[in-house]
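The values are calculated or read from the model by the stated rules, or taken from the named source; none is laboratory data. Predicted, not measured: the structure shown is a model, and the values here were computed from it. Methodologically, a virtual Cβ is constructed for each residue, glycine included, from the backbone with ideal geometry; neighbour enumeration extends over all protein chains shown.
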Amino acid sequence: MNDIRTMRNINRNLFEGVPATANALEEYDSDAAQLVREAAQYLVKARRDNDPQTLNEASNATFHAAAELLNQAGGSVYVRFPIMVAARLVELEAALLVAGATNEAEGQTRMKRPEHINGLKTWPEDGTLPPEVCRRCDTDLADTHNQLASAICVVCGYWVCELCDGGTDPATGDAVCADHKGHPLAANCTQYA
């Protein structure tokens, strides 16, 4: 089985002389292919946000894709078969979307922290840790009586408390200072308290 990240298409054509990037579903029924793409986007969003309403949208789009496939086949196949095929296509398309986003995120995390940002010297990426004090409000984050959540800013490398962050990465818990949230290194810090 191919690694999902290396797959370029969910339905590679196995016939000689046809490019590997050919999308058989698109060629067979572009309307069904569009519905599969929509359902996959809903499915990824529903799983990411734990949103039952969006999951319902994914389910509806999957059934519409199945109906389109059944219609294209002239209604000559058993009803459950196109539903199962459409659901599998949606799952694969969703996996490709997630893999693409993961690859993009991995590419961004490999980006080096700049030495200076707006005149501020960033903390070096040499394994040492900065003093555990919020860069913006000077709260002592190492104090045992302190109940604030905190993280090291992915852009400048200094500690930032939850009151001063400009967003967090839901996958890793990384945070960004409010004044660095537009930086490319903080592209995944999209969750706000």
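The criterion of at least 2 residues that are under 20 Å from the mean Cα position of the chain (by Cα) and modelled with pLDDT of 80 or more is met, among helices (runs of 4 or more DSSP H) falling completely within the range 1-107, by 30-49, 52-72.
Contact map, the range 170-187: first residue in contact (Cβ under 8 Å) with a residue 40 or more places away in the chain, second residue surrounded by fewer than 18 Cβ atoms within 10 Å (Cβ to Cβ) and assigned to a helix (DSSP H, G or I), Cβ cut-off under 6 Å, separation 6 or more or different chains; pairs are ALA187/GLN108.
Do we have VAL176 as surrounded by 20 or more Cβ atoms within 10 Å (Cβ to Cβ) and part of a loop (DSSP other than H, G, I, E, B) here?
Here the answer is no, as VAL176 does not meet what is asked.
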